[in-house]
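The numbers here are math on the coordinates, done by the rules we state, and not lab data. Source: prediction; values computed, not measured. When we count neighbours, we look across all protein chains shown, and the Cβ atoms used for this are built from the backbone with ideal geometry, even at glycine.
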Amino acid sequence: MARKGEVFNTLRRPKLLRQRVSGLEAACGGTILTPLVGAGVWLAAQRNALDPSERELEVEVLARSSVRDPLYRAPLRRWHNPADIPPSAGEAAARIRPLPAEAFANALGLYAEQRGDRPVDRIGPVALTPNALGASGVVGRYVFHLLCPREDPELARTARTIALRLAPLGANEDPPQPFRILTGVLGLPFSAIAYQAENAFQYDFARDVWFARSGASQRLFLHRAASPQAAASLYRTFHEAQEEDFETLSHPPSQSTCRHPYLKTFFAIAHRGPYLFGVEDAPDPGACEEALQRLTGSLPATSSPEEEDEQ
C-alpha cells in the first residue's frame, strides 16, 4: 500500500504549504479550463440566435408519433389553397403549407416570431423571409411556409412566384389601427413590426400589444384598450408590476419612467384616451421622452375606438 502523498503529492509535504505548482498540474488545469472558457464564449456569442424553423416538425410527423386520444388536437391543420396554385418546373421541389390564422394580427405575430432578425422581402402585400427550411411568409391573415432546400438555386425565383400568386389573399385585408399608426403615421418599416396576443413583457395581464423596433435596441409598443378608463387601469397595473423589477425615476399621473438596476436600460409607459404606449430597452431617459412624444403625436385626435375605426 502506497504511503500517503506518494501518488498525487510528489513534493512529500502538505500541498497547502508548498510554494510552487508542478507542470503536470498546470497542464491538467489548463486542459480542463480551456473547454469551459470556450463553452462560455460560445454561449455568449449565441445569445438569442435561435432559428425556430430549424427545430420545426411536420404536422404529419407529430400526428404519427402522437397517442390516439380524443384530447389530442393537432397544433396545425393543412389548408388547401382555393386558388389551386399549379406547380411550375421550378416549384416541383417545393411545398406550400399555408396556416390560416383568425386575424391579421395573429398571423403577423406568428410570422414575426419565426422571422426573428432576418431581412424581409416585400412582394406587394406579401412578406417573405428565407430560413433553413426554405422560406416563411405572411399575407393577410395567412402564414405560409415554402419547404425547399436552401441550396436550391431556384428557391428565390420559386418563392417570389408563389408569393405573387398568394398576394390576392391579402388584397382586401384591413390592418388594425395600431398597425396603421406604427407603419403609416410613424413610417416604421413592416420588418420592424411585431405583435403579441398575450403574455407581452411576460405579464399575464398584457394582451393585444403591438411592437416596433426603433433604433439599435429599443422597442416602441402600443395597445388600444376598450375605453380610456380601461387604458388608465392597465397603466396602473403596469406601473405596479414594473416597480418590482425597476427603479421608478418619475411617476406623473399618466406617464412613468423606470430604470432596470442591473441592465441599466430604461422603460417608459404612458396612456392617452384608449391608448397605452411606451418604449422598452431605451438607453437613457432622453430617449424615453423622445419616444413618448413621438407616439403621443401619432395618436388620433379622437378618443373613441369606434370613431377611430371609421377613419
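Take Ala103, project a point 7 Å from its Cα along the Cβ direction, then tell me which residues of region 196-212 have their backbone nitrogen under 12 Å from it. 196-198, 207-210, by backbone N distance to the label point. Divide, for region 192-311, the radius of gyration over alpha carbons by 2.2 N^0.38 Å, where N is the residue count. With N residues counted in region 192-311, Rg over 2.2 N^0.38 Å equals 1.00.
Distance between the pseudo-spin-label points of Ser227 and Ala44 (7 Å out from Cα toward the beta carbon): 5.3 nm. If the chain linking Ser22 and Arg236 were pulled fully straight, counting 0.36 nm for each residue of separation and taking away their Cα-Cα distance, it would gain 70.7 nm. Potential lengthening of the chain between Glu113 and Val37 amounts to 24.3 nm, from the contour at 0.36 nm per residue minus the alpha-carbon distance.
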